[in-house]
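Each remark here refers to the structure printed beneath this line.
The values are calculated or read from the model by the stated rules, or taken from the named source; none is laboratory data. Since this is a predicted model, take the numbers as computed values, not measurements. We place every Cβ from the backbone using ideal geometry, glycine too, and count neighbours over all the protein chains shown.
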């Protein structure tokens with residue numbers, strides 16, 4: 001039995017591939033070993049994953065996750081999985097960036113970007129990641145991400161830069177006050193998740209000129225700050241994976257064209273393609 005996970009900061013998409021090649025879909029909360037302990041991960045896995053796989057003899061796990069940048073933190077994921085799935089023979093933990101690259105480009109070279117709750121980019125030669133960006137996380141980076149878009153929207157609301165009609169609609173929907181904002185931003189875990197939760201407002205008001213400009217500017221900033229700096233940018237297609245890339249596809253295509261790049265594939269999530277990658281590999 002093969003279990004494949006694509007884990008972001010908000011949610012984890014799991015695919016259980018059974019012995020007869022049937023695929024079962026499971027979803028849990030997201031995981032990040034930078035912010036969570038083994039015990040915290042185990043508690044979530046036992047509550048949200050184990051009830052759906054307890055009748056299966058799972059032997060191998062491929063886990064692709066945000067924050068899974070090397071042995072110093074990857075062991076947290078390995079230990080948690082081995083605790084709740086004691087029959088495992090192997091656990092392979094890689095970055096969500098490699099998972100996105102394998103899903104979007106398979107065995108072809110290309111630039112691959114993640115635009116979800118967070119953002120990232122890399123150059124993938126069809127086998128491995130050959131260069132990436134120095135990601136600085138939510139507070140110092142993540143341009144173009146759901147967290148960045150939500151943060152920009154909320155900041156403009158409080159600094160009275162929203163057009164009056166949007167300001168009224170935003171307050172009617174969220175009734176957000178400064179104390180609540182600052183508590184979620186600085187005292188509670190996963191501020192990126194919190195700010196990304198405001199992106200449905202942008203989607204619902206996408207035809208408004210302010211929203212269109214905010215999203216387009218964010219994508220152009222991401223592409224010019226990171227992607228355009230890759231030496232391969234003028235000859236490799238740029239692929240995108242993530243919910244923000246999916247829901248704001250037209251703005252993303254416009255930003256790619258505006259920055260002189262070539263669009264590749266756009267995937268909402270990599271899980272299905274990762275199943276094919278590992279079944280065929």
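Brief remarks on what is shown
- Residue ID - modelled with the highest pLDDT, chosen from residues in region 6-24 that are part of a loop (DSSP other than H, G, I, E, B) and within 18 Å of residue 243 (Cα to Cα): 8
- Single condition residue 87 does not satisfy, out of (1) buried (at least 20 other Cβ atoms within 10 Å of the Cβ); (2) out of contact with any strand residue (DSSP E or B) (no Cβ under 9 Å at 6 or more places or on another chain); (3) part of a loop (DSSP other than H, G, I, E, B): (1)
- When 223, 202, 166 are checked against the criterion of being closer than 19 Å to residue 263 by Cβ and either modelled with pLDDT of 95 or more or crowded, with 19+ Cβ neighbours inside 10 Å (or both), 223 stands alone in meeting it.
- The C-beta contact set for region 241-255 (first residue crowded, with 16+ Cβ neighbours inside 10 Å, second residue part of a strand (DSSP E or B), distance under 6 angstrom, 6+ apart or interchain) comprises 241/114; 241/267; 242/114; 242/115; 244/115; 245/115; 245/266.
- Any chance residue 110 is in contact (Cβ under 8 Å) with a residue 60 or more places away in the chain, within 30 Å of residue 56 (Cβ to Cβ) and within 19 Å of the chain's Cα centre (by Cα): no
- Members of region 32-52 that are at pLDDT below 90 and out of contact with any helix residue (DSSP H, G or I) (no Cβ under 8 Å at 6 or more places or on another chain): 32, 35
- If you go through region 242-271 and keep only what is within 15 Å of the chain's Cα centre (by Cα) and in a helix (DSSP H, G or I), you end up with 243, 244, 245, 246, 247, 271.
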